[in-house]
Amino acid sequence: MKHNFCAGPAVLPQEVIEKSAQAVYDFAGTGISILSISHRSKEFQPVVDEATALVKEILDVPEGYSVIFVAGGASMEFCRIPYNFLNKKAAYLNTGVWAKKAMKEAKAFGEVVEVASSAEAIYSYIPKDYEIPADADYFHFTTNNTIYGTEIRKDLDSPVPLISDMSSDIFSRPIDVSKYNCIYGGAQKNLAPSGMAFVIIKNDALGKVERQIPTMLDYRTHIDNGSMFNTPPTFTIYSAMESLRWLKAQGGVKEMAKRAEARASKLYSEIDRNKLFKGTAAEEDRSYMNICWVMNEEYKELEADFMKFAQGKGMVGIKGHRSVGGFRASCYNALPMESVDALIACMKEYEAAH
Ligand SMILES: *Cc1c(COP(=O)(O)O)cnc(C)c1O
């Protein structure tokens, strides 16, 4: 049996994979594959409608907000965000590679203030002492830093509206959407296959920038056309719908938060206890989604061997990002506790042999 700790594309519920596969053969009893049916067909429209409605329901999205699915992934949104929301100045918190990429795009549209950065410590913690300029159009931060295993699990206080990249921890806990002008992320961490972003937008926050926005980059285009201005990633939206159905049936984001904490605390406890290993992220900022650790100095030379040992036991995708090294276990919503237990057993067994 394989245990899927991939960072993204990542583990999806087995049920979602089976239903998506079934739709590839015969979508909604049409006798036609989801891969080859028109997005304008009467069978597909309910799919995009339901997926949109489920995001709103599951995250308790207030009135006055829109939810869209757009092709391109989170990286496309790094540019669409300032295009649509940055008039003069924006504030960004630099917590890693993704935050930096978002900041780089914003610089093409106006003044960008980096309020704080943890670059000097390879982003192993979340900066906490900083001031957000009150005249900024928005404050952008990345809630979960997929590469470094740090996470901001609260809706920060700010004098200006929040905008967040929630690619890798969306749907893992309740959020107060009303504090945000925009929440976005790539689908491939906690929702669906890759190539698509979900975007939650406060309608009133749009239309405030002076520049002209190309049609496809203007959020209003996708809102006004219900994510169907052009041909959307239909299969990905289908899988997202199945994934959201699963999530709701499991008990929603409250239940996901409980499971995430249970998985993470179990695994961190083992990392802290095991003489071979140590965690890389500051304890108070540890992510529930991406758990990063390395071999202790005196066992460093065992790193490659442990990797091979773990792979032999069915662990998939536990190699750390090259900028951090060591190991990373991504524990998204769909990861069963038995996978965490299997990884822990593997760590204990390896420790006993050394
Ligand atoms: C994976 C990831 C991205 C990049 O997503 P793409 O869909 O590949 O563009 C951006 N931000 C965060 C936090 C991520 O984890």
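The values are calculated or read from the model by the stated rules, or taken from the named source; none is laboratory data. No experiment lies behind these values; they were computed from the predicted model shown. Because the Cβ atoms are built from the backbone with ideal geometry, glycine has one as well, and the counts that use them run over all protein chains shown. Heads up: the accessible areas ignore ligands, DNA and RNA and are worked out on the full protein's heavy atoms, side chains in. Shrake-Rupley method; radii C 1.70, N 1.55, O 1.52, S 1.80 Å.
For the stretch 298-331, the candidate set comprises residues that are closer than 26 Å to Ala121 by Cβ and out of contact with any strand residue (DSSP E or B) (no Cβ under 9 Å at 6 or more places or on another chain); within that set, the residue that is surrounded by the most Cβ atoms within 10 Å (Cβ to Cβ) is Ser323. The condition of being open to solvent by 10 Å² or more (accessible area, probe 1.4 Å), of a type in the set (Asp, Glu) and touching a strand residue (DSSP E or B) at 6+ places or on another chain (Cβ under 9 Å) holds for only one of Asp165, Asp155, that being Asp155.
Please verify whether Arg173 is touching a residue at least 40 places away in the same chain (Cβ under 8 Å), under 26 Å from Ile237 (Cβ atoms) and more than 11 Å from the ligand (Cβ to nearest atom), treating the condition exactly as stated. So Arg173 passes the test. Counting only residues that are within 17 Å of Met76 (Cα to Cα), in a helix (DSSP H, G or I) and among the hydroxyl-bearing types (Ser, Thr, Tyr), the stretch 201-241 holds 4 of them.
Here is the figure for the stretch 189-235: residues that are touching a strand residue (DSSP E or B) at 6+ places or on another chain (Cβ under 8 Å) and within 16 Å of the ligand (Cβ to nearest atom) total 11. Annotation note: of Met196, Met256, Met216, the sole residue that is among the aliphatic types (A, V, I, L, M) and surrounded by fewer than 23 Cβ atoms within 10 Å (Cβ to Cβ) is Met216.
Scanning the stretch 151-164 for residues that are more than 11 Å from the ligand (Cβ to nearest atom) and not in a loop (DSSP other than H, G, I, E, B) gives Leu162, Ile163.
Conditions (1) touching a residue at least 12 places away in the same chain (Cβ under 8 Å); (2) within 16 Å of the ligand (Cβ to nearest atom); (3) farther than 17 Å from Ala187 by Cα, marked per residue:
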| position | (1), (2), (3) |
| --- | --- |
| Tyr65 | yes, no, yes |
| Arg80 | yes, yes, no |
| Tyr92 | yes, yes, yes |
| Val113 | yes, no, yes |
| Ala116 | yes, no, yes |
| Asp135 | yes, no, yes |
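Scanning the stretch 5-49 for residues being open to solvent by 40 Å² or more (accessible area, probe 1.4 Å) and more than 16 Å from the ligand (Cβ to nearest atom) gives a total of 24.
If I filter the stretch 85-106 for residues that are β-branched (Val, Ile, Thr), at pLDDT 95 or above, touching a strand residue (DSSP E or B) at 6+ places or on another chain (Cβ under 7 Å) and closer than 17 Å to Cys182 by Cα, do I get at least one hit? Within the stretch 85-106, none of the residues are β-branched (Val, Ile, Thr), at pLDDT 95 or above, touching a strand residue (DSSP E or B) at 6+ places or on another chain (Cβ under 7 Å) and closer than 17 Å to Cys182 by Cα.
Residues that are over 30 Å from Thr231 (Cβ atoms), open to solvent by 60 Å² or more (accessible area, probe 1.4 Å) and at pLDDT below 95 do not occur anywhere in the stretch 50-60.
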